[in-house]
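Student: Here it is, the structure in full.
The values are calculated or read from the model by the stated rules, or taken from the named source; none is laboratory data. Treat the numbers as computed from the prediction; the structure is a model and nothing was measured. Every residue, glycine as well, gets a Cβ built from its backbone with ideal geometry; the counts of neighbours run over all protein chains shown.
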Amino acid sequence: MDTKAFKRTLQQSENYHRRGFGHEAEVSQTLKSEYQSNLIGEIRANHNRLKRGNVTIVLAESFGFCWGVERAVAIAYETRQHFPTERIWITNEIIHNPGVNQRLKEMNVHFIEVKDGEKDFSGVKAGDVVILPAFGATVQEMQFLNDRGCTIVDTTCPWVSKVWNSVEKHKKGEYTSIIHGKYNHEETQATSSFAGKYLVVLNLDQAQYVADYILKGGDKAEFMAKFKNAHSAGFDPDRDLEKLGIANQTTMLKSETEQIGKLFERTMLQKYGPLELNQHFLAFNTICDATQERQDAMLNLVEEKLDAIVVIGGFNSSNTTHLQEIAIERNIPSYHIDSADRIGPGNRIEHKPLLKDLEVAENWLPDGEITIGVTSGASTPDRSVEETIEKIFALKAVALV
Ligand code: SF4
């Protein structure tokens, strides 16, 4: 399929929208009242700190809703306003935040269900309006919805589209796209759908394995088992690793994406020499600014003397998980929660340790004077951060009585 030509045709269709519908002013008021927080504004104005009683909260300099997410949510709200009677669907969570998704459900936006691992589009009829989320949709989904005669409202973040353009360039030059990401993450699935040949690597270890295979060869069966579900159809590591282009899921750990890019550059340099490097290696900068800012802010936050860090964001949110990884690397007790409801009753917190299931920690807030770092992922509204902070204050106040 010529994905580039398809996208071009789709973008010219009158049933395709990728901007709002002129209701920005009303929607921005609604979003402000539903998701913003006065307390957070106050803390920001106070150099990101707030002390109450024996608790000091230190907020990361940058956290929460990125502009891509804000934009997607605003367009979804505008869509509801613009199509008050039409049936509206969304192909996935608009963003990885349970509160925001719940709010859309209350506005009668239907979510495509996943049955036996497959999305069930059977309820979607011609004339329905279908929203594509901030992290995009696969080209096959877009084609299906277009063929079915749906109105498509595409909220894909422009940063994600930028990655898609990169993999289109890889494809044109017959480079295999090495995608740093999680093969089953919606954004990576969408990116893969635009790629020609691709291989998804999760981390530096996997990238090193591939680099070693390129330089020294290895066990092909083991390679294929290791990257099961993470490569294009018919992928052959003995044939398809001669020309590489680098791409990424926009919310991966920035430093790791850079290291992986450099690793493959070195590998191809070693194998083909400097004169031929450009024929074997291609990289564009596709790390999203918002991800970078939030990770940099977290790196600053962990320099503070903290008793614990609370990271707020959806449990399936990749960028939130990476923020928590930074706290773990510094050995600071960290608690990943998806809403303030996970705190209490009493001095307990239900949280998700990295790569584990939810668990409950009792007496998680130490006695006496404490300093707690707080940050949140790009899909988390300030209101959730405010509720979390209020709960921490309340909890310590109760403990003092
Ligand atoms: S994290 Fe970056 S790529 Fe993802 S929605 Fe936000 S701005 Fe866009």
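Student: Would you check if ILE75 is aliphatic (A, V, I, L, M) and not in a helix (DSSP H, G or I)?
Tutor: Spelling it out, it is not the case that ILE75 is aliphatic (A, V, I, L, M) and not in a helix (DSSP H, G or I).
Residues checked against (1) loosely packed, with under 13 Cβ neighbours inside 10 Å; (2) under 11 Å from GLY344 (Cα atoms):
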position: GLU362; (1), (2): yes, yes
position: ASP367; (1), (2): yes, no
position: ILE370; (1), (2): no, no
position: SER376; (1), (2): no, no
position: THR380; (1), (2): no, no
position: VAL385; (1), (2): no, no
position: LYS391; (1), (2): no, yes
position: LEU395; (1), (2): no, yes
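Student: Okay, moving on. Of the conditions (1) surrounded by fewer than 23 Cβ atoms within 10 Å (Cβ to Cβ); (2) within 16 Å of the ligand (Cβ to nearest atom), THR250 satisfies every one except a single condition; which number is it?
Tutor: Answer for THR250: the failing condition is (1).
Student: Among the candidates HIS322, HIS280, which residue alone is within 14 Å of the ligand (Cβ to nearest atom) and either more than 17 Å from the chain's Cα centre (by Cα) or within 22 Å of THR380 (Cα to Cα) (or both)?
Tutor: Unique residue meeting the criteria: HIS322.
Here's the yes/no breakdown for (1) touching a Ser or Thr at 6+ places or on another chain (Cβ under 8 Å); (2) surrounded by fewer than 19 Cβ atoms within 10 Å (Cβ to Cβ); (3) not assigned by TED's automatic domain parsing to the domain that holds THR321:
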residue: PHE194; (1), (2), (3): yes, no, yes
residue: VAL201; (1), (2), (3): no, no, yes
residue: TYR209; (1), (2), (3): no, yes, yes
residue: GLY218; (1), (2), (3): no, yes, yes
residue: GLU222; (1), (2), (3): no, yes, yes
residue: GLY234; (1), (2), (3): no, yes, yes
residue: ASP238; (1), (2), (3): no, yes, yes
residue: LEU241; (1), (2), (3): yes, no, yes
residue: GLY245; (1), (2), (3): yes, no, yes
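Student: Any residue in region 215-234 that is among the basic types (Lys, Arg), touching an Asp or Glu at 6+ places or on another chain (Cβ under 8 Å) and either within 16 Å of the ligand (Cβ to nearest atom) or not in a helix (DSSP H, G or I) (or both)?
Tutor: No.
Student: What residue, of LEU355, LEU306, LEU323, is under 26 Å from GLU258 (Cβ atoms), outside any helix (DSSP H, G or I) and either free of Cβ contacts under 8 Å to residues at least 12 places away in the same chain or hydrophobic (A, V, I, L, M, F, W, C) (or both)?
Tutor: LEU355
Student: I'm trying to understand the selection: among the residues of region 226-251, which are in contact with a Phe, Trp or Tyr (Cβ under 6 Å, 6 or more places away or on another chain), hydrophobic (A, V, I, L, M, F, W, C) and touching a residue at least 60 places away in the same chain (Cβ under 8 Å)?
Tutor: Scanning region 226-251 gives a single hit, LEU244.
Student: Would you please name the residue that is surrounded by the fewest Cβ atoms within 10 Å (Cβ to Cβ), looking only at residues in region 101-128 that are among the hydrophobic types (A, V, I, L, M, F, W, C) and assigned to a strand (DSSP E or B)?
Tutor: Ranking the qualifying residues of region 101-128, first place goes to VAL114.
Student: Determine which single condition GLU70 fails, assuming it passes every other condition in (1) within 18 Å of MET107 (Cβ to Cβ); (2) surrounded by fewer than 22 Cβ atoms within 10 Å (Cβ to Cβ); (3) more than 16 Å from the ligand (Cβ to nearest atom).
Tutor: All conditions are met except number (3).
Yes/no matrix, rows are residues, columns are (1) touching a residue at least 40 places away in the same chain (Cβ under 8 Å); (2) outside any loop (DSSP other than H, G, I, E, B):
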position: MET1; (1), (2): yes, no
position: LEU10; (1), (2): yes, yes
position: ARG19; (1), (2): yes, no
position: GLU26; (1), (2): yes, yes
position: ARG80; (1), (2): no, yes
